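Only the coordinates and a few stated rules stand behind these numbers; no lab work does. Note that the structure is a prediction, hence the values are computed from the model and not measured. All Cβ positions, glycine included, derive from the backbone under ideal geometry; neighbour counts span all protein chains shown.
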Amino acid sequence: MAAVAGGIAEPRCQALDLSDAQRCVAQATAYDNLFCPFHAKQCFGLYMGYKRRNAELDALAANGPAHLRHSKVPLSSQAFEAIQSEEELQDVHGYLFSQLVLLGKVISARKLHHKALFLARDGLWSQGLP
Ligand SMILES: [Zn+2]
């Protein structure tokens, strides 16, 4: 049974609204009474987007250009001197650019998720949501 304190149903949703960063005033009924139904859906959507982009990042790495896949030199130490053609260089550049864009999306999604949904408690992200 929900308690009401100051006109706000308890337990109160822990999420911040994405548009104005104000704390949600709805009653928390989902995820061990952390979120209201709306923010529970939002949390799940952000989490699934994060997981999907991470899977895309893994798939991208597995299908990278041959030059990088077969190189014994780590990417951080690559001078790309062994690249012999413009086409091969374009493949490596395109791959690294795609990886950069995707990684930026993964980081942004994670920051957004944490900023909006983990005001009072941390850890659900690493535990994995349903
Ligand atoms: Zn809420």
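Could you tally the net charge around Glu56, taking each other residue with its Cβ under 15 Å from the Cβ of Glu56, Lys/Arg +1 and Asp/Glu -1?
With Lys, Arg at +1 and Asp, Glu at -1, the net is +4.
Along each of its three principal axes, how wide is the spread of alpha-carbon positions in the range 8-124, in whole angstrom units, largest first?
Dimensions of the range 8-124 along the principal axes of its Cα atoms: 67, 24, 20 Å.
Please sort by residue number the chymotrypsin sites (Phe, Trp or Tyr not before Pro) in the range 47-118 whose DSSP state is loop and whose Cβ has at most 15 other Cβ atoms within 10 Å.
Phe80
With Cβ to Cβ distances under 11 Å as the rule, what net charge do the other residues near Ala66 carry (K, R +1; D, E -1)?
Charge balance in the 11 Å sphere: -1.
Filter the trypsin sites (Lys or Arg not before Pro) in the range 1-76 to those in DSSP coil with at most 16 other Cβ atoms within 10 Å of their Cβ, and list the result.
Sites meeting the loop and neighbour criteria: Lys72.
For the range 64-114, what does the convex hull of the Cα positions come to per residue, in cubic angstrom?
Output value, Cα hull per residue: 81 Å³.
Show me the GluC sites (Glu not before Pro) within the range 51-89 that DSSP assigns to loop and that have at most 15 other Cβ atoms within 10 Å of their Cβ.
When the GluC sites (Glu not before Pro) of the range 51-89 are filtered for loop state and at most 15 Cβ neighbours within 10 Å, Glu81 remain.
Explain nothing, just compute: Karplus ³J(HN,Hα) = 6.51 cos²θ - 1.76 cosθ + 1.60, θ = phi - 60°, for every residue of the range 101-110 in order, whole Hz, x for Gly and Pro.
Along the range 101-110, the couplings run 4, 5, 4, x, 5, 4, 5, 4, 5, 5 Hz.
Name the residues whose placed amide hydrogens come within less than 5 Å of the amide hydrogen of Ala15, ignoring near sequence neighbours (fewer than 5 apart) on the same chain.
It is Cys24, Cys36, by chain and number.
Multiply the residue gap between His70 and Asp17 by 0.36 nm, knock off their C-alpha separation, and tell me the result in nm, one decimal place.
Between His70 and Asp17, full extension yields 14.4 nm more.
So what are the ³J(HN,Hα) numbers for the range 72-84, from phi and the Karplus equation (6.51, -1.76, 1.60; θ = phi - 60°), rounded to whole Hz, Gly and Pro as x?
Working through the residues one at a time gives 8, 8, x, 4, 5, 10, 5, 10, 6, 6, 7, 5, 9 Hz.
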